[in-house]
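J.: Quick one: structure below, then a few questions.
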Amino acid sequence: MIRILIVDDEPAAGNILKLLIERHVKHNKEIIYCNSPTKALELLNSFKPSLLMLDIEMPEMNAFDFLNKAGEWNFDVIFTTAYDKYAIKAIRFSALDYLLKPIDVTELQDAIQKHI
């Protein structure tokens, strides 16, 4: 089973991503969506995701600050963002993939398949 934590400050984007995964990824999965990176940091220890779907620009903290605060982590990260300008930095943070919004279903399936 894959355990997916979606972190996106925009509820519409986060809920659409969750719905796309539920509908188009056939693998056994458990998904939690969180619109607050601060609350998501708290969830890391209790939920123990194997995959983090992470928006980059958020008001509380950006994705890179989030990962730095997470300390040691043992999950894959797929960045989901409307901006292509962070791609190099995402690679330096060992991104499994980098998906531009609006999320393409085939690219989403391919990215999650890399994780599986």
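The values are calculated or read from the model by the stated rules, or taken from the named source; none is laboratory data. Remember, predicted model here, so these are calculated numbers, not experimental data. Note: ideal-geometry Cβ built from the backbone for every residue, glycine included; neighbour counts use all protein chains shown. Just so you know, the surface numbers come from the protein's heavy atoms only, side chains and all, with ligands and any DNA or RNA stripped out. Shrake-Rupley method; radii C 1.70, N 1.55, O 1.52, S 1.80 Å.
J.: For region 86-116, list residues with backbone N below 11 Å from a point placed 7 Å from the Cα of residue 10 toward its Cβ?
T.: Answer for region 86-116: 101-103.
J.: Per 0.36 nm of contour for each residue apart, how much would the distance between residue 110 and residue 73 grow if the chain were fully extended, relative to their Cα-Cα spacing?
T.: Going from the current span to full extension adds 11.1 nm.
J.: Let me know the longest stretch in the chain that avoids all trypsin sites (Lys or Arg not before Pro) found in a DSSP loop with at most 11 other C-beta atoms within 10 Å.
T.: The reported range is 27-84.
J.: Still on this structure, please answer the following. Hey, with R₀ at 30 Å, roughly what FRET efficiency would residue 28 and residue 60 work out to, going by the Cβ-Cβ distance, to 0.05? List each step's numbers first, then the result.
T.: On the way: r = 31 Å, r/R0 = 1.05.
Between residue 28 and residue 60 the formula returns 0.45.
J.: Now a separate question. Which helices count as membrane-span-like in the chain under these terms: full DSSP H, at least 24 Å along the axis by C-alpha, Kyte-Doolittle mean of -1.0 or more?
T.: Sorted by number, there is nothing, because no helix extends far enough and scores high enough.
J.: Same structure, new question: Specify which residue in the list 49, 12, 78 is farthest towards the positive end of the charge dipole of the chain, using unit charges on the beta carbon of Lys, Arg (+1) and Asp, Glu (-1), about the Cα centre.
T.: The residue sitting most towards the positive pole is 49.
J.: Moving to a separate point now. Whenever you get a sec, compute what percent of the accessible area on the chain sits on carbon and sulfur atoms (1.4 Å probe).
T.: Ligands and nucleic acids excluded, carbon and sulfur reach 49 percent.
J.: I need the phi-derived Karplus couplings for region 31-36: 6.51 cos²θ - 1.76 cosθ + 1.60, θ = phi - 60°, integer Hz, Gly and Pro marked x.
T.: Values, residue by residue: 10, 10, 10, 9, 9, 10 Hz.
J.: Grab the DSSP H runs of the chain that are 4 residues or longer, score each as -39,500 (n - 2.57), total them, divide by all residues and round the 222 nm result to the nearest 500 deg cm²/dmol.
T.: Rounded to the nearest 500, it is -12500 deg cm²/dmol.
J.: Output the pairs from 48/101; 18/48; 26/48; 18/39; 26/101; 39/89 with a Cα-Cα distance over 19 Å in this structure; if there are none, say none. Walk me through the numbers before you get to the answer.
T.: Numbers: 48/101 26 Å; 18/48 17 Å; 26/48 21 Å; 18/39 17 Å; 26/101 22 Å; 39/89 24 Å.
Beyond 19 Å: 48/101; 26/48; 26/101; 39/89.
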